[in-house]
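See structure below.
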Amino acid sequence: MPMPPLRRLDLWAPPLLLMGVIYVLSAQPSLDSGLGLIDLIGRKIVHFATYALLCFLWWRLLSHALPPRRAILLALLVASAYAATDELHQSSVEGRHGTPVDWAIDTAGAAAAAFALRARQRAVA
């Protein structure tokens, strides 16, 4: 008998692992490469893409248990909430700071993934 989808480690591991990587990187005192504006823009792009991936990975899990639109919305909300907690975490790390702008960039990445998933869903239907 097949295992119920929400008990499958292959669905849970990717989003939880990515969240763990985000947490570990956020605990570092500095990720500055010394390249100035290029470094700043590069890190913002990486944040955007990372949270887009996080939204996708949560959708991949949730789509096995929820209707498509709810899975997308909940994945977006989980990624955005984690971005908020990540900013709070960074504000407690010496040499780092959390900002609403960084949360907005992270959430924009998650929203981009959610919009892409919704567009894909509409195209298939």
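Assorted remarks:
- Contacts under 8 angstrom Cβ, first residue in the range 27-49 being under 16 Å from Val93 (Cβ atoms) and part of a helix (DSSP H, G or I), partner β-branched (Val, Ile, Thr) and open to solvent by less than 70 Å² (accessible area, probe 1.4 Å), 6 or more apart: His47/Ile105
- Note on the range 1-41: residues that are within 20 Å of the chain's Cα centre (by Cα), loosely packed, with under 13 Cβ neighbours inside 10 Å and farther than 22 Å from Ala114 by Cα total 7.
- Qualifying residues in the range 96-107 (those that are buried (at least 16 other Cβ atoms within 10 Å of the Cβ) and assigned to a helix (DSSP H, G or I)) - the one farthest from the chain's Cα centre (by Cα): Asp102
- Residue match in the range 80-92 (condition: part of a helix (DSSP H, G or I), within 11 Å of the chain's Cα centre (by Cα) and charged (D, E, K, R)): yes
- So Leu54, is it in a helix (DSSP H, G or I) and modelled with pLDDT of 95 or more: yes
The values are calculated or read from the model by the stated rules, or taken from the named source; none is laboratory data. What you are looking at is a predicted structure, and each value in this text was computed from that prediction instead of being measured. With ideal geometry, Cβ positions are generated from the backbone for all residues, glycine too; neighbour counts draw on all protein chains shown. For accessibility, only protein heavy atoms count, side chains too; no ligands or nucleic acids. Shrake-Rupley method; radii C 1.70, N 1.55, O 1.52, S 1.80 Å.
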